[in-house]
Amino acid sequence: MLVTFQFPLSDARPFDPDPELRLGLPDWSNLATAINPQFVHRFGRAVERRSQPDLAWPDEQKFCRAHRALRFPNLAAHPAGAPGKELHPQCAFRRLFCDGATVARVEVGIVHSRSAPPLTGLATHEILAVLVSLCEMPAQVPAENALSRPAPLITRGPALATLFTRATLGTAILAKLPRAAQLVEAGVPLAVVELGPLEAETTLDPQGFTPVPTAKTCGAEVLFGRVRSHSGIIPVWLLRRGTATNDQLRSLRLCLLRLHAEQECLDLILKQLRRNRLLNPSTESSVDALDKYFNERTRLINQREWSGVGQSAILAAVEAATLVTPPATKANFAARYDGARKNVWKKVDEYQQRRLSARLVPVINVAPGGTYMENHVSVSGSGNIVNIAKYMENVTNTVQGNLKSSDASTQVKDLISQLTAQITAIADKADPKVTKTMGADLTTLSNEIAQDEPRRPWYELSLKGLKDAAMAVGDIAKPILQTVGLLTPLLLP
């Protein structure tokens, strides 16, 4: 089993008139990998792929290592999955890709250790249990002067975006970091689970997943769905070779990863325009650069086939797993995009209307012995939850269930129930992203409370996350800060 996590990083600095916001090196169009290889500070040096480059992706022949950027403390001590059906994790690769312009991404591959007994005949819920455990695996990203504290793997996107910004800015002009940091953002992470021929049951048909016709995937089994972990919802592709060759399966995996990164980065560039961070002021060169980017990327995303893989069928599977409601108003800001070619903007406008639509998506929860479907969760854009009331309802149900099965003291349970009510009370007044962060931390806290042997590091991370988020919200979150203050000495004596 190979589980690949991707963290897309959108870099809008090439559209800013200030050329000092990003270093000119490394030369991503042709990385030097032999004598004196190029490198990215705090990530790693440039290398070439060991296997032959895929003809559909000539720009992915070289990349920079990312072993310094993302670290797993004591990885072998974190088996993933249900007891007896666990993946013993071993890091296969950590890579930084960049197209030299706007699309960067960190990809991490986790495999089952060869020294452990092989995985065989896994049921669907056992496969997803492995995935959920890996999502929560502690990971560290270097901070300004030292390693950050461990946090769940799938939450590391923003930290990687910050690290990439610093590493490509240059120490001589750190005064420009605030502006550079505004223009580099992390997109929604993606997981791709590639199964060996004997690792899973004969039929892959998990509830809530949408299959792609094998005629469009060179004979490989491909399914798309969204899975909830303790730290949030992650889009997931399940792959099995079927009648495809190993090269075709590899090409398919590259296609899924590349397509996700391109869409996430395009979404974020459009968001930067809506925030008035780009073309402010508008210059001829910046408009030309955006013209070129939009024309190339919309064509890349919309093409029907990549190296024998039916890309349109892949997009159709994502859309089939989504109930789309068009936006009530068109967010057309072409008037500010003065000088843009109309034919380019027409493609961009069609793309953004599809991605900005409100979408109801089924989410799979993994439980011991099986999976169950959650009510459809409303999302928009690049997958951010916008139906906060429904989100907090799900959080509340999870917390209440965990408290019922917990052996914690009545005082601790009452304070966590109080904390749940306080977060729900401000949910519609705070930034949805902050509310989601507090909900995730609260869920993690309640999950640990329900454990036979709660882990102190998760208490620390959850309480700190709740405190930081409440401070960011302001005065209306003071009751949350007070409750966290009362919980801290009880959980961290």
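Data for the structure
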read-out	value
Checklist (1) in contact with a helix residue (DSSP H, G or I) (Cβ under 9 Å, 6 or more places away or on another chain); (2) more than 14 Å from Leu445 (Cα to Cα); (3) not acidic (Asp, Glu) applied to Thr398, failing item	(2)
Qualifying residue in segment 318-335 (condition: modelled with pLDDT of 60 or more, buried (at least 18 other Cβ atoms within 10 Å of the Cβ) and not polar (S, T, N, Q))	yes
Any pair with Cβ under 9 angstrom, 6 or more apart, that starts in segment 121-139 at a residue that is at pLDDT 90 or above and ends at one that is among the basic types (Lys, Arg) and not in a loop (DSSP other than H, G, I, E, B)	Val132/Arg228; Ala139/Arg71
Close pairs (6 angstrom Cβ cut-off, 6 or more residues apart or separate chains): farther than 14 Å from Ala104 by Cβ in segment 49-66, modelled with pLDDT under 65 and of a type outside the set (S, T, N, Q) anywhere	Ala56/Trp306; Gln61/Pro53
Every residue from segment 207-263 that is more than 18 Å from Phe7 (Cβ to Cβ), touching a helix residue (DSSP H, G or I) at 6+ places or on another chain (Cβ under 9 Å) and basic (Lys, Arg)	Lys216, Arg228, Arg240, Arg241
Residue match in segment 230-245 (condition: on the phi > 0 side of the Ramachandran plot, aliphatic (A, V, I, L, M) and either at pLDDT 80 or above or out of contact with any Gly (no Cβ under 9 Å at 6 or more places or on another chain) (or both))	no
Arg241, sole failed condition from (1) in contact with a strand residue (DSSP E or B) (Cβ under 6 Å, 6 or more places away or on another chain); (2) in contact (Cβ under 8 Å) with a residue 24 or more places away in the chain	(1)
Hey, Leu183 aliphatic (A, V, I, L, M) and either surrounded by 21 or more Cβ atoms within 10 Å (Cβ to Cβ) or closer than 16 Å to Arg105 by Cβ (or both) or not	yes
Gly401 outside the structural domain of Ala151 (by TED's automatic domain parsing), part of a helix (DSSP H, G or I) and under 24 Å from Arg149 (Cβ atoms)	no
Flag if Val108 is assigned to a strand (DSSP E or B), surrounded by fewer than 20 Cβ atoms within 10 Å (Cβ to Cβ), of a type in the set (A, V, I, L, M, F, W, C) and in the same structural domain as Leu257 (by TED's automatic domain parsing)	no
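The values are calculated or read from the model by the stated rules, or taken from the named source; none is laboratory data. Source: prediction; values computed, not measured. We place every Cβ from the backbone using ideal geometry, glycine too, and count neighbours over all the protein chains shown.
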